[in-house]
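The values are calculated or read from the model by the stated rules, or taken from the named source; none is laboratory data. If you're wondering where the values come from, they're calculated on a predicted model, not measured in any experiment. Here the Cβ positions follow ideal geometry from the backbone for every residue, glycine too, while neighbour counts run over all protein chains shown.
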Amino acid sequence: MFNLFKYFWHCFLLLNIFISFSIHAADWKIDGNLNQMFGYDDNFRLAKNSQGTFEYFLTPQVNFKRNDADWNISGSGSYGVRQYTYSLYDNEPQNYFINTDYKTAHTIWGLNAGYNKVLTNSIASTDTGNFLTSSTRITETLNPTFTYLLNSNDSINLSGSYLSSNYTSGSGLINNTTQLATLNWKRVWTEKLTHNLSGSYSRSDFNSSFQRITETYSANLGILYKITQHWDINSVIGERFTQQNAVENLSSSSSSSGWVANIRLNHEDKQSSEYALLSRSVNPSGLGVLTQQTNFNIGYNYKYSDRWSASITGGYSMIDTLGQSSASGSIYANRTYLTFQPTINWKMQRDIDIGLTFIYRQQDYNYTAMSKALMLTFNYNWSGLNISR
């Protein structure tokens, strides 16, 4: 499957390069940024016995975009360095993404693909809950989409998705793949009100000593409503049904159902912006099972002047495993994760930002662990180049 993915990826890149040089009326933009972060975390592994470390992150990123009347393409690439006092956790995260769409009078064809390599420790809050591991996770994604415009107000969208997650050999974590298909009807009622009605099917395969297959069906209703000039709400809520089977042990089959949602309330004016988000979804995990994740997030940003601004973000997550015993002491035990992050930013120059961030994290899993970190960030934004044909 990996070789097949690379084949389609290379063909896709060559096709886009060919088209880009064959169509002349296009505008290109290339820009980027260089982000550096340095600080100290008193328990970066969220271990029972705290271990502190100094951390240094360097992440250069390049972005490109091509705009045309009927064909657009954009993408980004980054290759960074992360270093710790304990060199066991040193790593080089990578992230590459490309997105393209082609428009006709009544259709929009889209395709995006991505590659991400990251230390599993850094995404444990949404994956395994295991912050002690020094393993690496590589994810590859491929997402084709097709939209048909029925009229000025109605459109039908069909999308697919393939996602592969692979962990370092010997880490004890389980590789998995997920395929997803979604059919959506969108209608614009007024300038203030839009709704979406969708149904989806997903299948996740876990490649452990015995193969586990999960299938999830869901139906969702989405509403985007602009309450006032400064307030809007974007909500999706629905119901899902999940069936899990172990191929070599059919007696271990199980099923579950529940609600899914993504409800976000936004406010924005000249000086400040706020949001509150409630979400629930099911996702494949490196533990070899699906997890149900219920999240509540809030954020606030205030601009004091052209140079000074401050922000506060926070989140609380409840993560439950599906189809496994959640007894305390088990890797499948239910867990909660809390984070709180105030930041103050100073725009030193037009392209240079400096920030100071305090980060508090707490996880209640098989034991309670917390960490406190203070990080200084330096970000250089390269305004880039604009090329018109």
Considering SER159, SER134, which residue is part of a loop (DSSP other than H, G, I, E, B), surrounded by 13 or more Cβ atoms within 10 Å (Cβ to Cβ) and more than 17 Å from the chain's Cα centre (by Cα)?
SER134
In the range 176-231, what count of residues is obtained for those that are closer than 18 Å to VAL260 by Cα, exposed (fewer than 15 other Cβ atoms within 10 Å of the Cβ) and without any contact (Cβ under 8 Å) to a residue 24 or more places away in the chain?
4
Does GLN363 qualify as being under 23 Å from the mean Cα position of the chain (by Cα), surrounded by 15 or more Cβ atoms within 10 Å (Cβ to Cβ), under 30 Å from VAL62 (Cα atoms) and not aromatic (Phe, Trp, Tyr)?
no
Is one or more of the residues making up the range 65-87 at pLDDT below 95 and aromatic (Phe, Trp, Tyr)?
yes
Could you tell me whether ILE98 is in contact (Cβ under 8 Å) with a residue 40 or more places away in the chain and crowded, with 16+ Cβ neighbours inside 10 Å?
yes
